[in-house]
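The values are calculated or read from the model by the stated rules, or taken from the named source; none is laboratory data. Since the model is a prediction, treat every value here as computed from it, not as a measurement. Ideal geometry is used to build each Cβ from the backbone, glycine not excepted, and the neighbour counts take in all protein chains shown.
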Amino acid sequence: MNLKKTWNKKYGKSEIITKENSSCKLVEIDMVKLADGEQKKYNEKDKEYGLLILGGKCTVTGDGFEYKNIGKRETVFDGPATCVYVPRNKEFTIVGNGEVSIAVCKSPSKADHESALINPEDVVIKDMGKPGWQRQAHFILDERVDADIIYIGEAYVKGGQWASYPPHKHDDDNMPTEANTEEIYYYEFKKPQGFGIQKVYTKEGDIDETYTVKSGDFVEIPRGYHPFHTAPGYDNYYLWIMAGENRGFFMTTDEDHKWLNN
């Protein structure tokens with residue numbers, strides 16, 4: 001089982017996570033990098049979108065909405081994100097206003113919703129964890145946006161710290177304690193040589209994967225626990241995309257490590 005994929009950061013649309021190549025069935029991700037004036041059009045049936053601007057500015061125009069010259073950061077380390085939610089069956093076009101990089105996150109959708117623009121000042125920021133596993137979580141396309149199953153945020157982890165720790169999972173439908181939710185991580189590091197370690201494992205042992213991740217890498221989390229560690233000296237960013245019927249943080253901690261929460 002290989003849960004890791006990599007984006008080479010080339011211009012145009014790169015289809016990184018698809019139903020055909022992924023263990024996840026509720027999340028697909030394209031990485032779109034456009035030069036000034038370049039455009040990319042989308043018209044895929046019965047899918048909702050979260051367009052997360054990694055860096056740069058763009059204009060997103062669609063059926064009944066237009067968001068002009070949006071995006072306020074040059075890189076992921078320059079402040080909170082801008083994001084656009086596009087409901088199902090709405091054709092739309094992205095145009096670069098200067099160079100722009102966007103994670104185009106897609107999930108199947110059965111209902112109609114309104115488009116939404118999430119500006120940086122709308123992002124909810126929370127400091128989480130304890131010494132050794134401290135991180136800053138950014139909630140972006142969350143419960144405040146009326147959507148079917150997609151749920152998006154970001155995390156910032158200082159060098160030497162763990163995240164998604166103590167190890168937790170969200171793969172059992174046992175609400176309100178735990179939801180069955182797929183997740184995908186995308187990583188960037190502040191220094192080009194930065195790296196981290198991502199684990200994905202289940203209690204049963206049928207999944208037990210460990211990956212070295214660098215800028216441009218993805219790891220799929222179809223189920224199981226998924227702790228992450230960034231190497232000392234290398235500040236990390238990761239984008240998290242979750243998808244499931246119950247949108248939100250409904251998860252359980254690995255019983256072996258639950259005592260760390262005390």
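The strands (runs of 3 or more DSSP E) found wholly in region 168-262 and carrying at least 3 residues that are modelled with pLDDT under 95 and more than 17 Å from residue 129 (Cα to Cα) occupy 171-174. For region 50-63, the criterion of being farther than 24 Å from residue 188 by Cβ, in contact (Cβ under 8 Å) with a residue 40 or more places away in the chain and in contact with a Lys or Arg (Cβ under 6 Å, 6 or more places away or on another chain) is met by at least one residue.
Inspect region 61-68 for any residue being assigned to a loop (DSSP other than H, G, I, E, B) and among the basic types (Lys, Arg) and give the result as yes or no. Reasoning before the result, please.
Step one: list which residues in region 61-68 are assigned to a loop (DSSP other than H, G, I, E, B), which gives 63-64.
This time we only want the ones that are among the basic types (Lys, Arg), so: none.
No, every residue in region 61-68 fails to be assigned to a loop (DSSP other than H, G, I, E, B) and among the basic types (Lys, Arg).
Among the residues of region 113-162, those that are acidic (Asp, Glu) and within 18 Å of residue 27 (Cα to Cα) comprise 142, 143, 146, 148, 154. Would you say residue 206 is acidic (Asp, Glu) and more than 19 Å from residue 21 (Cβ to Cβ)? Answer is yes for this residue.
Of these, 33, 41, 47, which one is farther than 24 Å from residue 215 by Cα, surrounded by 14 or more Cβ atoms within 10 Å (Cβ to Cβ) and either of a type outside the set (Val, Ile, Thr) or in contact with a Cys (Cβ under 9 Å, 6 or more places away or on another chain) (or both)?
On the way: 33 fails: farther than 24 Å from residue 215 by Cα; 41 fails: surrounded by 14 or more Cβ atoms within 10 Å (Cβ to Cβ).
Only one candidate passes the filter, namely 47.
Elements of the type strands (runs of 3 or more DSSP E) sitting completely within region 73-130 and holding at least 2 residues that are at pLDDT 95 or above and surrounded by 14 or more Cβ atoms within 10 Å (Cβ to Cβ): these cover 82-86, 92-108, 116-118.
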